[in-house]
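The values are calculated or read from the model by the stated rules, or taken from the named source; none is laboratory data. Computed from a prediction, not measured in an experiment: that's the story for all the values here. As a convention, Cβ positions derive from the backbone with ideal geometry for all residues, glycine included, and neighbour counts pool all protein chains shown.
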There are 2 protein chains.
Amino acid sequence: MNYKKIEIIGLKGIPDIKAGDDLAKMICEKADEQIGGLREGDIIVVASKIVAKAEGRIVRLSDVQPSPFARRVAELTGKTPELVELILRESNKIVKMKNRHLIVETKHGFVCANAGIDKSNVAGDEEVVSLLPEDPDQSARRIKEDIMKIKNVDVAVIISDTFGRAWRRGHVNFAIGVAGIKVIKDYRGSQDMYGYMLRVTQIAVVDELAAAAELAMGKSDRIPVVVIRGYDYPRGDDSIKNLLYPEEKDLFR
Amino acid sequence: MNYKKIEIIGLKGIPDIKAGDDLAKMICEKADEQIGGLREGDIIVVASKIVAKAEGRIVRLSDVQPSPFARRVAELTGKTPELVELILRESNKIVKMKNRHLIVETKHGFVCANAGIDKSNVAGDEEVVSLLPEDPDQSARRIKEDIMKIKNVDVAVIISDTFGRAWRRGHVNFAIGVAGIKVIKDYRGSQDMYGYMLRVTQIAVVDELAAAAELAMGKSDRIPVVVIRGYDYPRGDDSIKNLLYPEEKDLFR
């Protein structure tokens with residue numbers, strides 16, 4: 001009897017990314033060098049940090065003019081007023097402000113701390129931060145289409161970032177943008193191995209794939225791109241927005 | 001330059017589990033047949049359902065006598081009174097009751113719908129449900145120790161189950177019990193690839209490993225055991241309790 005195998009492959013040697021860099025080209029090159037090229041059905045998980053850098057979503061904190069409200073929130077949370085100003089600009093609303101944490105709903109609809117703004121892994125000046133990509137679905141689509149142009153191979157692309165969760169300590173990697181893959185794998189109407197109709201039937205596969213990819217990314221290794229090979233994913237156009245509860249359906253907002 | 005590879009291997013042919021079955025023995029046998037045996041440093045992810053069945057955590061709903069409160073909650077949530085009674089018996093408290101959902105904190109401290117009680121994948125009578133294992137850390141330790149006895153090989157074991165999340169649709173696989181692995185991979189004090197001190201530094205690796213394993217489990221395949229190979233995990237004794245926020249530290253309870 002044959003086992004079922006999925007491979008999580010971290011591509012090494014992706015250089016420091018600058019605004020305007022062609023990520024698809026770099027990914028194809030590293031895949032050619034290291035794993036004999038990308039294949040039809042591969043899932044490419046890309047850390048949002050390098051997408052943000054390629055898209056120029058880098059801000060110098062000293063260029064930011066904080067509002068009076070940002071100054072007040074900064075005082076209460078122990079963050080700098082410039083950082084809080086940027087967080088507010090990237091947000092629809094503050095979901096929770098407590099114990100010096102600032103949990104917001106970003107303009108994309110993600111509920112996360114500090115609107116996903118991050119200081120780590122941005123080169124040069126300590127005072128420089130990276131924002132999330134403006135439209136991560138669009139970023140994913142662009143990389144997917146560019147890979148199709150360069151290599152004529154049909155892959156799925158997931159942009160990922162590391163967020164905290166309710167109820168559980170620690171961060172895990174989540175999908176924040178998708179292309180060529182459905183966000184949910186739907187087992188409704190299918191039967192389990194004893195012939196029962198399945199109850200838990202909608203699996204957020206893109207989040208599981210992002211989490212799996214993080215295992216090969218690490219935080220201090222230079223591995224912002226991971227290829228997942230051998231997973232039979234639900235193909236098609238979709239948007240990360242279909243993975244987010246609107247507030248009125250959310251039990252915890 | 002060498003890529004970094006992690007393998008997710010779903011073991012096939014695990015038979016229908018009955019109370020008293022020796023899971024460690026079955027896992028070792030299937031690994032021997034299919035992947036040449038378990039290796040030092042493998043991580044074995046086991047679906048809680050088969051652990052519950054091996055431990056006899058199966059209840060016939062017709063044997064349950066619902067309390068008046070269970071009957072009232074059943075009316076309000078559209079569940080059967082017997083199921084609600086079981087959910088309440090497995091719970092410390094009701095965290096949220098809304099839109100016919102019943103989100104509780106289980107006796108273990110997990111925040112999840114219906115205390116993790118599940119009808120799918122339990123053979124025979126429709127009226128039979130499986131509870132979560134009583135002490136999933138202990139279940140994981142037993143499997144780990146039994147594998148050590150049978151094969152003299154040091155592995156990590158994670159018991160996993162599929163729960164919903166706040167803010168995001170769909171279910172993903174989470175760790176609910178661990179042995180031989182730290183629940184958090186801690187990057188505090190380490191530097192990122194540009195020499196910055198890392199900000200997001202505590203990764204809930206056991207949840208990422210559980211999520212990765214689900215990709216090879218599927219829901220309708222008979223794959224309740226997954227071996228993750230090639231991941232350099234933080235070794236040592238730990239408890240899933242160290243991954244759960246106590247209520248007073250939780251921003252969303």
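Could you run through the range B:54-67 and say how many residues are under 15 Å from B:Q138 (Cα atoms) and in a helix (DSSP H, G or I)?
Counting residues in the range B:54-67 that are under 15 Å from B:Q138 (Cα atoms) and in a helix (DSSP H, G or I) gives 1.
Identify, by number, the condition in (1) of a type in the set (A, V, I, L, M); (2) surrounded by fewer than 21 Cβ atoms within 10 Å (Cβ to Cβ); (3) in the same structural domain as A:V45 (by TED's automatic domain parsing) that A:A113 doesn't meet.
Condition not satisfied by A:A113: (3).
So that you can scan it fast, the table gives a plain yes or no per residue for (1) more than 13 Å from every other protein chain (Cβ to nearest Cβ); (2) charged (D, E, K, R); (3) closer than 30 Å to B:L209 by Cβ; (4) in contact with a helix residue (DSSP H, G or I) (Cβ under 7 Å, 6 or more places away or on another chain):
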position	(1), (2), (3), (4)
B:L23	yes, no, yes, yes
B:C28	yes, no, yes, yes
B:I43	no, no, yes, yes
B:S48	no, no, yes, yes
B:V73	yes, no, no, yes
B:V95	no, no, yes, no
B:N99	no, no, no, no
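Could you tell me whether A:D32 is at the interface with chain B (Cβ under 10 Å from one of its Cβ atoms), surrounded by fewer than 19 Cβ atoms within 10 Å (Cβ to Cβ) and either farther than 25 Å from A:F174 by Cα or out of contact with any Asp or Glu (no Cβ under 9 Å at 6 or more places or on another chain) (or both)?
No; evaluated as a whole, the condition is false for this residue.
Run down B:Y245, B:Y231 and say which single residue is among the hydroxyl-bearing types (S, T, Y), more than 15 Å from B:I8 (Cα to Cα) and either more than 13 Å from the chain's Cα centre (by Cα) or facing chain A (nearest Cβ under 10 Å) (or both).
B:Y245
Is it true that A:P136 is more than 11 Å from chain B (Cβ to nearest Cβ), farther than 27 Å from A:E247 by Cα and not aliphatic (A, V, I, L, M)?
no
Which of the residues spanning the range A:132-161 are among the β-branched types (V, I, T) and more than 18 Å from A:I228 (Cα to Cα)? Steps first, answer last, please.
Just the residues of the range A:132-161 that are among the β-branched types (V, I, T), to begin with: A:143, A:147, A:150, A:153, A:155, A:157-159.
Matches in the range A:132-161: A:I150 only.
Taking the range A:1-27 as the region of interest, how many residues are outside any loop (DSSP other than H, G, I, E, B) and closer than 25 Å to B:I223 by Cα?
Of the residues in the range A:1-27, 6 are outside any loop (DSSP other than H, G, I, E, B) and closer than 25 Å to B:I223 by Cα.
Is it the case that B:I176 is within 14 Å of chain A (Cβ to nearest Cβ) and closer than 20 Å to B:V111 by Cα?
On the way: within 14 Å of chain A (Cβ to nearest Cβ): yes; closer than 20 Å to B:V111 by Cα: yes.
Judged against the criteria, B:I176 is a match.
Look through A:K93, A:K149 and report the one residue that is of a type in the set (D, E, K, R) and in a strand (DSSP E or B). Spell out how you get there, then give the answer.
On the way: A:K149 fails: in a strand (DSSP E or B).
Of A:K93, A:K149, the one residue that is of a type in the set (D, E, K, R) and in a strand (DSSP E or B) is A:K93.
For the range A:136-149, does any single residue satisfy the condition of being under 13 Å from the mean Cα position of the chain (by Cα) and surrounded by fewer than 20 Cβ atoms within 10 Å (Cβ to Cβ)?
If we filter the range A:136-149 for residues that are under 13 Å from the mean Cα position of the chain (by Cα), which is where we start, we get A:136-140.
The next check asks that each one be surrounded by fewer than 20 Cβ atoms within 10 Å (Cβ to Cβ); those that pass are A:138.
For the range A:136-149, residues under 13 Å from the mean Cα position of the chain (by Cα) and surrounded by fewer than 20 Cβ atoms within 10 Å (Cβ to Cβ): present.
Name the single residue, out of those in the range A:152-165 being in a strand (DSSP E or B) and within 14 Å of another protein chain (Cβ to nearest Cβ), that is surrounded by the fewest Cβ atoms within 10 Å (Cβ to Cβ).
The qualifying residue surrounded by the fewest Cβ atoms within 10 Å (Cβ to Cβ) is A:G164.
Exactly one of these conditions fails for A:K30: (1) in a strand (DSSP E or B); (2) within 21 Å of the chain's Cα centre (by Cα). Give me its number.
Checking A:K30 against (1) in a strand (DSSP E or B); (2) within 21 Å of the chain's Cα centre (by Cα), the one that fails is (1).
Say we look at the range A:166-221 and pick out the residues that are acidic (D, E) and at pLDDT 90 or above; which of these is surrounded by the most Cβ atoms within 10 Å (Cβ to Cβ)?
A:E214
Under the condition of being at pLDDT 95 or above and among the acidic types (D, E), which residue from the range A:83-125 is farthest from the chain's Cα centre (by Cα)?
Within the range A:83-125, the match that is farthest from the chain's Cα centre (by Cα) is A:E85.
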